[in-house]
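Notes for the one structure printed next.
The values are calculated or read from the model by the stated rules, or taken from the named source; none is laboratory data. Just so it is clear, the model here is predicted, and its values are computed rather than measured. So basically every Cβ, Gly included, is an ideal-geometry build from the backbone, and we count neighbours across all protein chains shown. For accessibility, only protein heavy atoms count, side chains too; no ligands or nucleic acids. Shrake-Rupley method; radii C 1.70, N 1.55, O 1.52, S 1.80 Å.
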Amino acid sequence: MKAARRSIAFASGALLFCVGAGAAMQYAAIGLPRHLYVMFGGRNSPQVMLGEAVAIALLLFALAVVWGYLTLRPARRRHRPYVAWMMAGVGLAWAGWLIFGAFSFAVKPRAYSAPLQTMLLSSNAAPLFGALNIFGVLGGVWVAGALARRKQLSLPSTRSRRRPKDAEPTLEQDSTVSTVGPHTVPPPH
């Protein structure tokens, strides 16, 4: 069961990043309201591009918190949330998108003329597809893991922490029990 939960967390992390990248591309195509573009100097101004990138990263953060919590929340106390496995899945999907972006960037020669800020901040521009998006998703998974851990600690324990006093052997019940410590009883002669 442990391997199954790890696999689910890993696959869910990879799927989360892929869905997040697709959603980021859709959000980038929609953009901000036009009056904001005029107010801040046009769609290609650094302020507008950074604002769009931060807004998309925050949306991906919110998506990752909800998705991650639904994936990582424990049903029973002993099931720890596998946050590292989910983050590894996100990392693998990010590496896959980065490789795809590198090939896509190499195939389209006009992308070489794009400014650096466009390549770093735009969710539609290869090879990074929005550099802030990975931080939004990883941050969301981390927060979801912290919430799932808090949920796990609030659940009742499934194992007793101490044996009941009736179950502990005493010297009268069993003479073969030895105790090591400052108050030991000498063996009978």
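Quick notes on this one:
- First in segment 95-113 and among the basic types (Lys, Arg), second anywhere and at pLDDT below 90 and open to solvent by less than 60 Å² (accessible area, probe 1.4 Å), Cβ under 8 Å, 6 or more apart: 108/126
- Search result, residues across segment 100-131 that are of a type in the set (A, V, I, L, M) and in contact with a Leu (Cβ under 7 Å, 6 or more places away or on another chain): 119, 120, 121, 128, 131
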